[in-house]
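**Q** Sharing a structure, written as structure tokens. Questions coming.
Any read-out appearing in this document is the output of simple, stated calculations on the displayed coordinates, not a laboratory observation. All values reported here derive from a predicted model rather than from experimental measurement. Every residue, glycine among them, receives a Cβ derived from its backbone with ideal geometry; neighbour counts consider all protein chains shown.
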Amino acid sequence: MTPPSPWWNKNHHADRRPFLLARNRIKAAIRCWFDEHGFTEVEPGSLQASPGNETHLQAFKTSLISTDNNRHEMYLHTSPEYSCKKLLAAGETKIFSFSNVFRNAEQGPLHAPEFTMLEWYRAGNFGDEQYPNLHKDCDALIAIATQAAENSTWRWKNRTCNAGLPCLHKSVPEAAADLFQIDLATTFSSDGQPNRNALAIAAKRAEIHASDDETWGDIFSKLLVELEARYGELSGVMTSEGLERVMLLDQYPACMSPLARRHQHNPGLAKRFELFIGGIELANGFAESNDPGEVRAGLTEQMNEKERIYGERYPLDQDFLTALSKMPPASAGCAMGFDHLVMLATGATRIDQVLWTPLSQ
């Protein structure tokens with residue numbers, strides 16, 4: 001088999017260049033929108049004491065050598081989230097960032113070890129809830145991309161979406177009931193604690209098997225994978241022309257959202273959403289918890305799970321946990337995969353088509 005030509009081959013680059021120029025137009029238009037809406041662009045550092053503490057994310061580890069020749073374990077961040085929240089604690093109120101982020105063990109048509117994350121945050125105090133504004137921001141950013149790429153019919157594999165329509169909002173409990181006939185509320189105790197056996201029984205009725213060693217989160221993740229693949233079957237998703245709508249899936253389980261604020265009247269759920277287009281998870285946003293004890297407990301549980309599954313854990317960022325209590329209490333933030341946005345808007349079929357200098361194979 002003839003190996004693929006390198007990205008810097010002139011003919012190969014010529015094929016990719018229209019996608020890359022569209023990437024620049026989309027980025028410039030997004031920067032302009034944020035500037036017009038009073039946001040400040042920030043540049044979070046990539047080298048951190050903790051890469052982030054999501055169970056299934058694999059980080060790149062390195063060493064910081066001090067002037068006395070001592071080595072300190074450091075990481076390349078998987079997201080600029082911790083740094084951005086420290087900036088909110090420092091007094092910034094509306095910020096955004098195009099950050100290079102690094103995730104190991106991720107490579108394929110949709111994934112690259114180094115990619116660009118668009119993150120933005122809105123600070124809010126009591127009575128100034130910022131979470132609903134993130135939903136509006138997502139609509140605006142998708143509209144910007146459709147205009148910059150001159151294309152509102154977005155495709156991924158065999159799925160086609162009308163990105164010109166506003167996002168369709170559904171809650172996770174609504175989607176679970178619609179697609180699997182599962183009443184998610186019955187799988188939580190009155191104080192919001194997940195009941196593993198109750199979810200296992202409900203999943204089995206939906207023909208989704210759960211082994212004895214799987215946790216509530218493991219079982220829910222199986223449901224979520226199935227939901228992501230089949231969300232076109234949810235009521236209201238398909239248009240009269242047979243195209244999917246962009247879907248904003250809200251109210252994720254609190255036990256799987258350690259950095260998000262819980263719903264006041266439903267402690268089993270968090271104020272967290274994910275945005276889906278054509279089966280691709282494009283964005284993840286939530287109302288920020290600024291309770292250091294609650295966040296520490298949630299992140300510790302994530303690392304306990306990581307150690308159980310992968311045999312390793314990452315340190316918590318103690319500086320970040322200290323800063324949390326200084327963050328405005330009604331703040332909200334969202335992370336969007338910028339490369340995925342460009343892929344969908346331009347019709348690219350591989351992430352390396354929209355990266356200026358992809359990792360050479």
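**Q** Rounded if a/c is under 1.5, else prolate if a/b beats b/c, else oblate: with a ≥ b ≥ c from the C-alpha gyration tensor eigenvalues square-rooted, which is segment 244-317? Display every interim value, and only then the final one.
**A** Details: a/c = 2.48, a/b = 1.38, b/c = 1.79.
Oblate, since a/c reaches 1.5 and b/c is not below a/b.
**Q** How would segment 78-131 be classified by its alpha-carbon gyration tensor: rounded, prolate or oblate, with rounded meaning a/c under 1.5 and the a/b versus b/c comparison settling the rest? Walk me through the numbers before you get to the answer.
**A** Details: a/c = 3.44, a/b = 2.58, b/c = 1.33.
The shape class here is prolate.
**Q** Right, something else. Mean separation of Cα pairs under 8 Å and 6+ residues apart, divided by the residue count of segment 62-114: what relative contact order is that in percent?
**A** So the answer I get is 26 percent.
**Q** Based only on other Cβ atoms within 10 Å, what is the fewest-to-most ordering of Lys85, Lys170, Lys306, Lys326?
**A** If I rank by nearby Cβ atoms, fewest first, I get Lys326, Lys306, Lys170, Lys85.
**Q** Just report the Cα centroid separation between segment 260-332 and segment 1-79, whole Å.
**A** What the calculation gives is 22 Å, centre to centre.
**Q** Just check segment 75-188 against the gyration tensor rule for me: Cα atoms, a ≥ b ≥ c as the square roots of the eigenvalues, rounded for a/c under 1.5, and otherwise prolate or oblate depending on whether a/b exceeds b/c. Can you show the working numbers first?
**A** Numbers: a/c = 1.35, a/b = 1.12, b/c = 1.20.
Rounded is the answer for segment 75-188, as its axis ratio a/c remains below 1.5.
**Q** Follow-up. Only Lys, Arg, Asp and Glu count, each charged at its Cβ (+1, +1, -1, -1), so figure out the dipole size of segment 286-361 about its Cα centre, rounded to 20 debye.
**A** Details: 6 positive and 11 negative charges, 27 e Å.
Roughly 120 debye, rounded to the nearest 20.
**Q** On alpha-carbon atoms, Rg over Rh for the chain using Kirkwood Rh?
**A** On the way: Rg = 20.7 Å, Rh = 21.6 Å.
Rg/Rh for the chain comes to 0.96.
**Q** Here is a follow-up. Which length gain, in nm to one decimal place, applies between Thr62 and Gln318 when the Cα-Cα distance is subtracted from 0.36 nm times their residue separation?
**A** Values: separation 256, 0.36 × 256 = 92.16 nm, distance 1.88 nm.
Full extension from Thr62 to Gln318 adds 90.3 nm.
**Q** Using the Karplus curve 6.51 cos²θ - 1.76 cosθ + 1.60 with θ = phi - 60°, work out ³J(HN,Hα) for each residue of segment 245-255 in order, rounded to whole Hz, and write x for Gly and Pro.
**A** Each residue's phi maps through the Karplus curve to give 9, 5, 10, 9, 9, 10, 6, 7, x, 5, 5 Hz.
**Q** What does the charge dipole of the chain about its Cα centre add up to, to the nearest 20 debye, if the Cβ of each Lys and Arg holds +1 and the Cβ of each Asp and Glu holds -1?
**A** Values: 35 positive and 46 negative charges, 154 e Å.
Dipole about the Cα centre, nearest 20: 740 debye.
**Q** Residue separation times 0.36 nm, minus the C-alpha to C-alpha distance between His169 and Ala140: what's the value? Spell out each step's value before the answer.
**A** Numbers: separation 29, 0.36 × 29 = 10.44 nm, distance 1.50 nm.
So the chain would gain 8.9 nm between His169 and Ala140.
**Q** Distance in nm between label sites at Ile309 and Asn11, each 7 Å beyond Cα in the beta-carbon direction?
**A** Spacing of the two 7 Å Cα→Cβ label points: 4.3 nm.
**Q** If we count other beta carbons within 10 Å of each Cβ, what is the order of Cys32, Cys167, fewest first?
**A** Details: Cys32 11, Cys167 20.
Fewest to most other Cβ atoms nearby, the residues stand as Cys32, Cys167.
**Q** Relative contact order for the chain: what percent, with Cα pairs under 8 Å and sequence separation of 6 or more?
**A** Reported relative contact order: 23 percent.
**Q** Sticking with this one: Mind sorting Met74, Met238 by how few other Cβ atoms lie within 10 Å of their own Cβ, fewest first?
**A** Lowest to highest Cβ neighbour count: Met238, Met74.
**Q** Can you give the FRET efficiency to the nearest 0.05 for His209 and Ala185, using r as the Cβ-Cβ distance and R₀ = 22 Å?
**A** Working: r = 23 Å, r/R0 = 1.03.
E(calc), rounded to 0.05, equals 0.45.
**Q** Ok, one more. When only C-alpha pairs under 8 Å and at least 6 residues apart count, what is the relative contact order of segment 115-230, in percent?
**A** Details: 72 pairs, mean separation 14.9, N = 116.
With pairs under 8 Å counted, the relative contact order is 13 percent.
**Q** Considering only the other residues whose Cβ falls under 15 Å of the Cβ of Leu234, what net charge follows from Lys and Arg at +1 and Asp and Glu at -1? Write out the running numbers ahead of the final one.
**A** Numbers: positive: Arg159, Lys170, Arg230, Arg245; negative: Glu174, Asp178, Glu226, Glu228, Glu233, Glu244, Asp250, Glu274.
Computed value for this residue: -4.
**Q** For Asp128 and Asn266 in one chain, what is 0.36 nm times their gap in residues minus the Cα-Cα distance, to one decimal in nm?
**A** Working: separation 138, 0.36 × 138 = 49.68 nm, distance 2.04 nm.
Extending this stretch completely gives an extra 47.6 nm.
**Q** Principal axis lengths of segment 158-272 from Cα atoms, whole Å, largest first?
**A** Per principal axis, max minus min of the Cα coordinates gives 42, 32, 20 Å.
**Q** Straight-line reach from Lys27: which lysines have Cα under 22 Å away, leaving out those fewer than 8 places along the same chain?
**A** Reachable lysines: Lys94, Lys136.
**Q** Further, regarding this structure: How far is the Cα center of segment 150-177 from the Cα center of segment 88-121, in Å?
**A** Measuring centre to centre over Cα atoms gives 23 Å.
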